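Engineer: Encoded as structure tokens, here's the structure I'll be asking about.
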Amino acid sequence: DAKTTQPTSMDCAEGRAANLPCNHSTISGNEYVYWYRQIHSQGPQYIIHGLKNNETNEMASLIITEDRKSSTLILPHATLRDTAVYYCIVRVVSGGSNYKLTFGKGTLLTVNP
Amino acid sequence: EAGVTQSPTHLIKTRGQQATLRCSPISGHTSVYWYQQALGLGLQFLLWYDEGEERNRGNFPPRFSGRQFPNYSSELNVNALELEDSALYLCASSLVATEAFFGQGTRLTVV
């Protein structure tokens, strides 16, 4: 799996958009970008994933650059409950046999009142 | 629809004993992944099972083992427990190559 680089921590004001960047410059053509988050001592929660087009669901939006070397997760209106460690992961989803998720250190997002 | 369930929630064992952790995947999911998260550390991949077979294994000693049953539930066994095995053990399930969903984990404490 390709490596990802994320900032160690970020702050965001409650009600504002939180933009979390991720660099994955060695991503391969058969790898998707996945985002998970983990609230303290709980199991990671799936947020969103994408290949090359921008994606949106009820939780967040995912913007992937045209060269696919970086992406941004956007939480449009952050709340205190969004305080968590956010993980950006690239994962093989076709043509391979290794579909495990490899977690890095992630970004600790702190939403402040 | 029920999510991934893990049991027990907490487990306390003595050094040298064996621990058995259980995971029930989301209905219809055939893949089960196990992860270890020691206090303050990241999630380390342990094992991946699909259709009853072990498909991949992380960098852990052989005393970490498991299996997947015909109903796709899974069991993680840790033999000869050591103090450093104390961690949150997380299970996730998916269809192969689709998004994986995690349970809330089993907190194993070795004393």
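The values are calculated or read from the model by the stated rules, or taken from the named source; none is laboratory data. Here the structure is a predicted model, which is why all the values come from computation and not from measurement. Heads up: the accessible areas ignore ligands, DNA and RNA and are worked out on the full protein's heavy atoms, side chains in. Shrake-Rupley method; radii C 1.70, N 1.55, O 1.52, S 1.80 Å.
Engineer: Determine the share of the protein assembly as shown's accessible area contributed by carbon and sulfur atoms, expressed in whole percent, with a 1.4 angstrom probe. Don't skip to the answer; put the middle values down first.
Structural biologist: On the way: 5400 of 10930 Å².
Of all accessible area on the protein assembly as shown, carbon and sulfur atoms account for 49 percent.
Engineer: How many Å² of accessible surface get buried when A and B come together, counting both sides, probe radius 1.4 Å, rounded to the nearest 100?
Structural biologist: Details: alone 6470 and 6010 Å², together 10930 Å².
It comes to approximately 1600 Å² buried between A and B.
Engineer: Okay, next question. Could you state the number of Å between the C-alpha centres of the stretch A:1-22 and the stretch B:1-29?
Structural biologist: Cα centroid of the stretch B:1-29 versus Cα centroid of the stretch A:1-22: 31 Å apart.
Engineer: On a full-extension model of 0.36 nm per residue, what is the gain between A:ARG81 and A:GLU14, subtracting their alpha-carbon distance, rounded to one decimal in nm? Show your work: numbers first, answer last.
Structural biologist: Values: separation 67, 0.36 × 67 = 24.12 nm, distance 0.97 nm.
In short, 23.2 nm is gained.
Engineer: Beyond 30 Å, what percent of the Cα pairs of the protein assembly as shown remain? Before the final figure, lay out each step's value.
Structural biologist: Details: 6174 of 24976 pairs.
The share of Cα pairs beyond 30 Å in the protein assembly as shown comes to 25 percent.
Engineer: Taking chain B as a Gaussian network, where each spring joins two C-alpha atoms under 10 Å apart, which residue of B:LEU39, B:LEU95, B:LEU47 fluctuates the most?
Structural biologist: Judging by the Gaussian network model, the answer is B:LEU39.
Engineer: Can you tell me the relative contact order of chain B? Whole percent, Cα pairs under 8 Å, sequence separation 6 or more. Please list the in-between numbers first.
Structural biologist: Working: 288 pairs, mean separation 41.0, N = 111.
Once normalised by length, the contact order is 37 percent.
Engineer: Which whole-number value in Å² is the accessible area per residue of the stretch B:17-62, probe 1.4 Å? Can you show the working numbers first?
Structural biologist: Values: 2170 Å² over 46 residues.
It amounts to 47 Å² per residue over the stretch B:17-62.
Engineer: Now a separate question. If you build a Gaussian network model of chain A, linking Cα atoms that sit under 10 Å apart, which residue out of A:TYR87, A:TYR32, A:TYR99 swings the most?
Structural biologist: Highest fluctuation of the listed residues: A:TYR99.
Engineer: Any idea of the accessible area per residue across the stretch A:10-70, 1.4 Å probe, to the nearest Å²?
Structural biologist: On the way: 3200 Å² over 61 residues.
Spelled out: the 1.4 Å probe surface of the stretch A:10-70, per residue, equals 52 Å².
Engineer: For chain B, with a Gaussian network of springs between Cα atoms less than 10 Å apart, report the residue from B:VAL78, B:VAL96, B:VAL32 with the top mean-square fluctuation.
Structural biologist: Largest GNM mean-square fluctuation: B:VAL96.
Engineer: Lysines within cross-link reach of A:LYS105: Cα-Cα under 26 Å, excluding same-chain residues under 8 positions apart?
Structural biologist: Reachable lysines: A:LYS3, A:LYS52, A:LYS69.
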